[in-house]
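Contents: one structure, followed by commentary.
The values are calculated or read from the model by the stated rules, or taken from the named source; none is laboratory data. The model shown is predicted, which means the values in this text are computed figures rather than measured ones. Positions of Cβ are generated from backbone atoms using ideal geometry, with glycine treated the same way; all protein chains shown enter the neighbour counts.
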Amino acid sequence: MSLWKGRFNGKADAQMWELNASISFDQRMGVQDVRGSLAWSKALELAGVLTADERTQLEAGLNQIESEFRFQKFTFVPEDEDIHTAVERRLGELIGPLAGKLHTGRSRNDQVATDLRLWLLDHLPKLVAAIANLQSVLIHRAETDLGTLMPGYTHLQRAQPILLSHWWLSHFWPLQRDLDRLAALEPRIAVLSLGAGALAGTPFPIDRHALAESLGFDHPAPNSLDAVSDRDFAAEFLFIAALTGTHLSKLAENIVLFTSAEFAFFELDDAYGTGSSLMPQKKNPDPFELARGKAGTLLGYLSGLMATLKGLPSAYDKDLQEDKVPVFQAFDTLMALLPVMANALRTLTVYPQRMESAIDAGMMATDLADYLVGRGIPFREAHTLTGQAVKLALEKGSTLEALTLSDYQSLHPVFDESVYAVFDPRGSIARRKAFGGTAPEAVKEQIKQAKEKLQGSNG
Ligand code: ARG
């Protein structure tokens, strides 16, 4: 039975009912809907709308419904238009007509916004934990792979040697910013919509400050029209989810490349690769390709909701029912991806020799320029001289390392034997010890900081 049958003569068209109903997805907010109703019944009692006895009866029924949700014993019926209708219908079955008093002074408009906010607040810690778990794997890898060198790339061209640990940690910090963003979002979710009524506020003397507190919210929304239509928190959540997806995608793309035979820096554990139905030799990095692909889908959830919100007239519009699916899907997507990526990286095999042998002397060209700078030559000139050395090596079909001292001295007399030390990649890495650089001591400091940060945001 719908909550609004009074003014209608005929039954709703079956297909229109299907379209209109949200129960197929908003049933995920069952527990939150009950919690909101428990708080509302208390607020109604304090406002003198319900007697203590009535409130006790409502509470008993609502508690029973809550446990039905928790133990998956709640049975939905086809007339349940949405989660709010379903709870009220069930409450009526349990405690009789008194159930009809619960909705006094309330609307599904302020109710649904409250439910979604509660749902997100309930679920954010799970997402935070899943992100933090991946971060702890990245830290662990950074610690265990500390001796491994790799070519660092820009434009996907070999650029300068770095520590593999430094690279692992480069994927830690974006996720840390995502955690920071989630933490910063929380107070904007923790705003009470309930008590806004349909749009204009509630005519009963509800103490919305006390109500906010009883639901764990920071404060009540200051404007009832805004309260029922504000979905900023959902959009912000989707932005963070999309950005997290983008971070995972970047990491994933690297793994896809580095596990290819052309790089062969990494190999996935069999548990995290998939085979080909045709080509028996293959081990495909599907989880990482899915991470890459789902980043696109996550961005779609954000743009979808933004498009829905754009240009809506004031207060509640049914368009707003479209907020829940993307929020749930974004959450589910990340919760499916994060643990798999974490475990796949934890069990990944690294081939240090392959990585190191991909470092060539040309990657120390910047060090060569710096060597000249150390001998008093202005960097711009040093850059040109080094470029000439690279050209000379190319012309001779040789490498920077293999050029003779007289080759070097033909470019500038300042060169001497000591130039060859420049081509040791470990030396190149060790020189980059300023804060945030790839030198082992800087990376060790970074690991320490990463651990502290992670402790702080997950502790
Ligand atoms: N199912 C609706 C939603 O998700 C609940 C609010 C309905 N409000 C209304 N005025 N029809 O948005």
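Of note:
Rundown of residues vs (1) more than 16 Å from the ligand (Cβ to nearest atom); (2) surrounded by 21 or more Cβ atoms within 10 Å (Cβ to Cβ); (3) free of Cβ contacts under 8 Å to residues at least 40 places away in the same chain, yes/no style:
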position: Ser37; (1), (2), (3): no, yes, no
position: Gly48; (1), (2), (3): yes, no, no
position: Phe71; (1), (2), (3): yes, no, yes
position: Ala113; (1), (2), (3): no, yes, no
position: Asp122; (1), (2), (3): yes, no, no
position: Ala129; (1), (2), (3): yes, no, no
position: Asn133; (1), (2), (3): yes, no, no
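- Any hit, the range 73-86, residues being buried (at least 23 other Cβ atoms within 10 Å of the Cβ), over 22 Å from Asp319 (Cα atoms) and either touching a residue at least 40 places away in the same chain (Cβ under 8 Å) or touching a Gly at 6+ places or on another chain (Cβ under 8 Å) (or both): no
- Qualifying residue in the range 88-102 (condition: closer than 24 Å to Val325 by Cα, small (Gly, Ala, Ser) and out of contact with any Leu (no Cβ under 7 Å at 6 or more places or on another chain)): no
- Residue within the range 212-226 that is in contact with a Phe, Trp or Tyr (Cβ under 7 Å, 6 or more places away or on another chain) and surrounded by fewer than 23 Cβ atoms within 10 Å (Cβ to Cβ) present: no
- Residues satisfying the stated conditions in the range 97-111, i.e. within 16 Å of the ligand (Cβ to nearest atom) and either assigned to a loop (DSSP other than H, G, I, E, B) or under 18 Å from Ala183 (Cα atoms) (or both): Leu102, His103, Gly105, Arg106, Ser107
- Taking (1) part of a helix (DSSP H, G or I); (2) closer than 30 Å to Phe237 by Cα; (3) more than 14 Å from the ligand (Cβ to nearest atom) in turn, Arg89 satisfies each apart from (2).
- Scanning the range 152-170 for residues that are surrounded by 16 or more Cβ atoms within 10 Å (Cβ to Cβ) and either under 12 Å from Pro425 (Cα atoms) or touching a Pro at 6+ places or on another chain (Cβ under 7 Å) (or both) returns Gly152, Gln160, Pro161, Ile162, Leu163.
- Single match in Phe288, Phe328 (criterion: on the phi < 0 side of the Ramachandran plot, crowded, with 17+ Cβ neighbours inside 10 Å and without any contact (Cβ under 8 Å) to a residue 60 or more places away in the chain): Phe288
Yes or no, residue by residue, for (1) at pLDDT below 95; (2) within 16 Å of the ligand (Cβ to nearest atom); (3) within 17 Å of Glu45 (Cα to Cα):
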{"residue": "Trp168", "(1), (2), (3)": "no, no, no"}
{"residue": "Ala184", "(1), (2), (3)": "no, no, no"}
{"residue": "Arg188", "(1), (2), (3)": "no, no, no"}
{"residue": "Ala198", "(1), (2), (3)": "no, yes, no"}
{"residue": "Arg208", "(1), (2), (3)": "no, no, yes"}
{"residue": "Ala212", "(1), (2), (3)": "no, no, yes"}
{"residue": "Leu215", "(1), (2), (3)": "no, no, yes"}
{"residue": "His219", "(1), (2), (3)": "no, no, no"}
{"residue": "Ser224", "(1), (2), (3)": "no, yes, no"}
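- Residues (modelled with pLDDT under 95, touching a strand residue (DSSP E or B) at 6+ places or on another chain (Cβ under 7 Å) and of a type in the set (S, T, N, Q)) located in the range 259-297: Thr274, Ser276, Asn284
Residue by residue, here is whether (1) hydroxyl-bearing (Ser, Thr, Tyr); (2) in contact with a Leu (Cβ under 8 Å, 6 or more places away or on another chain) holds:
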site	(1), (2)
Ala295	no, yes
Thr308	yes, yes
Ser314	yes, yes
Lys318	no, no
Glu322	no, yes
Phe328	no, no
Met335	no, yes
Leu338	no, yes
Met341	no, yes
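- Scan of the range 372-400 for residues that are surrounded by fewer than 16 Cβ atoms within 10 Å (Cβ to Cβ) and in contact (Cβ under 8 Å) with a residue 24 or more places away in the chain, ordered by number: Arg375, Gly376, Thr399
- Taken together, the criteria place Ile447 among residues that are at pLDDT 95 or above, part of a helix (DSSP H, G or I) and either of a type in the set (Gly, Ala, Ser) or over 20 Å from Glu356 (Cβ atoms) (or both).
- Test: Val87 is within 23 Å of Arg208 (Cα to Cα) and touching a helix residue (DSSP H, G or I) at 6+ places or on another chain (Cβ under 8 Å): yes
- Within the range 1-23, considering residues that are in a helix (DSSP H, G or I) and within 11 Å of the ligand (Cβ to nearest atom), the one farthest from the chain's Cα centre (by Cα): Asn20
- Neighbours by Cβ (under 7 Å, 6+ apart or cross-chain): first from the range 242-269, under 13 Å from Trp167 (Cβ atoms); second β-branched (Val, Ile, Thr) and part of a helix (DSSP H, G or I): Phe266/Ile255
- Enumeration of residues in the range 215-243 that are acidic (Asp, Glu) and in contact with a Pro (Cβ under 7 Å, 6 or more places away or on another chain): Asp218
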